[in-house]
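All remarks here apply to the structure that follows.
The values are calculated or read from the model by the stated rules, or taken from the named source; none is laboratory data. Bear in mind that the values here come from a model prediction, so they are computed numbers and not experimental data. Cβ coordinates were reconstructed from backbone atoms using ideal geometry, including for glycine residues, and neighbour counts include every protein chain displayed.
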Amino acid sequence: MFKVFGNAWKVPELRKRMLFTLLVIVVYRLGANILVPFIDHEAVNTMFQSEAVQGSVFGYFSMLAGDAFSNATLFALGVSPYITASIVIQLLTIAIPALERLAKSGPEGEAKISKITRYVTVALAIITSYGYYATLKSQGMVEKGWFQAIVIIACHTAGASLVMWIGERIDEKGIGNGISLILFANIISSIRQLFGRMIEILKMDFWGEFAGVLGALVMELAIITLVVFFSNSERRLAVQYAKRQVGRKMYGGANTFLPIRIMMGGVMPVIFASSIVSLPATLALIFNGGKFEAFVKQWFSSSSPVYVILMFILIIAFAYFYTAISFNTVEVANNLKKNGGTILGYRPGLPTAAYIKKVVNRTTLIGALFLAFMSIFPILMSWTGSTALSMLIYGGTSVIILVDVALETARDVESETTMRHYKGFLE
């Protein structure tokens with residue numbers, strides 16, 4: 001990976017784009033530390049240290065936004081509204097024929113889809129900002145008054161819109177996926193808190209917690225290694241192209257393969273499942289007190305067996321769902337048929353599509369089981385009673401996202417470098 005970035009740095013154009021990306025991320029991190037007025041930031045930070053909040057959807061938002069959400073800063077909402085809006089529009093594109101035709105109409109249609117996504121992002125940002133404000137208000141952490149409410153909601157909505165604009169600028173003038181890199185920077189910023197907690201634990205009881213801290217670090221390295229392995233793993237289907245004559249020249253006749261990635265959906269199933277399974281804890285946090293809160297703490301806390309089982313099932317379900325909407329086996333089979341390609345042993349058309357679908361279902365199951373196990377493994381380790389191992393609950397999912405984004409960015413950089421160093425037949 002470091003060699004890939006080193007080679008890209010030698011190319012003037014790529015070096016300029018990499019510096020632009022780095023500068024934009026630095027500016028973003030500066031904005032993530034601008035405090036929103038009329039909020040008791042110390043009380044908010046203290047609230048987010050509790051286990052009840054960390055097990056809710058607010059803990060999930062805090063992971064995606066770094067320390068900005070737990071400190072109620074300008075960029076507290078982070079990339080969450082834009083990610084949600086993108087998912088909603090992607091689903092509607094499949095369900096609504098008009099949007100589907102618009103998405104397939106070329107660059108002009110894609111531009112209109114992007115414009116609709118921006119409007120939906122702003123609308124979701126307003127709704128989320130109000131929910132964030134209502135939660136803080138119920139805890140007595142904001143100043144009362146309609147003017148204060150408008151300022152707080154407007155600041156967080158503007159911050160989410162600005163994050164969306166920053167991500168699009170990285171896509172346009174930088175390198176890699178802008179939203180993914182912002183998410184990467186947010187998680188990196190929260191890692192220092194994790195190491196700080198480890199140091200505090202060692203200071204309180206060095207010999208008693210040393211084994212737990214060492215075990216937590218070893219497990220994090222093992223998770224990184226496994227994520228890298230599964231992210232790069234793929235099933236290759238042998239494809240043979242028939243020879244065809246055009247004029248006096250003969251084309252085709254080559255043997256290649258069709259790669260089917262094991263983790264085709266990346267970490268999106270984990271993000272979807274985390275947001276859904278943490279909704280009961282979020283409602284209990286908003287409607288503080290009563291039997292409902294006690295019921296949620298008993299059955300839907302992050303250490304509950306019900307939480308673990310739901311998380312496991314939802315990750316597998318969302319893995320199949322995301323693969324189904326992002327990989328069209330019929331379209332792939334038709335493209336092979338149009339170009340004269342066949343998978344050995346299967347006739348072109350529907351038999352090829354059925355075979356590809358069967359392979360995709362099997363590979364998706366392997367990737368989904370891996371993601372599900374890696375997500376619940378830290379929770380299982382926390383049941384050992386070790387304070388250090390319990391911190392893996394909040395670090396396991398973050399590590400999976402970090403590694404996946406880093407690998408995707410490295411692939412983008414490598415493809416850009418290869419494209420600019422391609423030697424033609426005249427050289």
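Name the single residue, out of those in region 255-296 being surrounded by fewer than 20 Cβ atoms within 10 Å (Cβ to Cβ) and at pLDDT below 70, that is nearest to the chain's Cα centre (by Cα). Here the residue is L283.
Of the residues in region 158-165, not one is among the small types (G, A, S) and over 30 Å from I400 (Cα atoms). When residues in region 90-118 are screened for being more than 25 Å from F321 (Cβ to Cβ) and not basic (K, R), 5 of them pass. Every residue in region 110-147 that is touching a Ser or Thr at 6+ places or on another chain (Cβ under 9 Å), modelled with pLDDT of 90 or more and of a type in the set (S, T, Y), please. Once the filter is applied, which keeps residues that are touching a Ser or Thr at 6+ places or on another chain (Cβ under 9 Å), modelled with pLDDT of 90 or more and of a type in the set (S, T, Y), region 110-147 yields T117, T121.
The single condition from (1) touching a Ser or Thr at 6+ places or on another chain (Cβ under 8 Å); (2) at pLDDT below 75; (3) among the basic types (K, R) that R235 fails is (2).
Can you find even one residue in region 90-110 that is assigned by TED's automatic domain parsing to the domain that holds L30, within 20 Å of the chain's Cα centre (by Cα) and surrounded by 18 or more Cβ atoms within 10 Å (Cβ to Cβ)? No, because not a single residue in region 90-110 is assigned by TED's automatic domain parsing to the domain that holds L30, within 20 Å of the chain's Cα centre (by Cα) and surrounded by 18 or more Cβ atoms within 10 Å (Cβ to Cβ). Cβ-Cβ contacts under 8 Å between residues 6 or more apart (or on different chains), taken from a first residue in region 303-331 that is without any contact (Cβ under 8 Å) to a residue 60 or more places away in the chain to a second residue that is among the basic types (K, R), are listed as T329/K357. No other residue among T84, T117 is touching a Leu at 6+ places or on another chain (Cβ under 6 Å) and under 28 Å from S375 (Cβ atoms) apart from T84.
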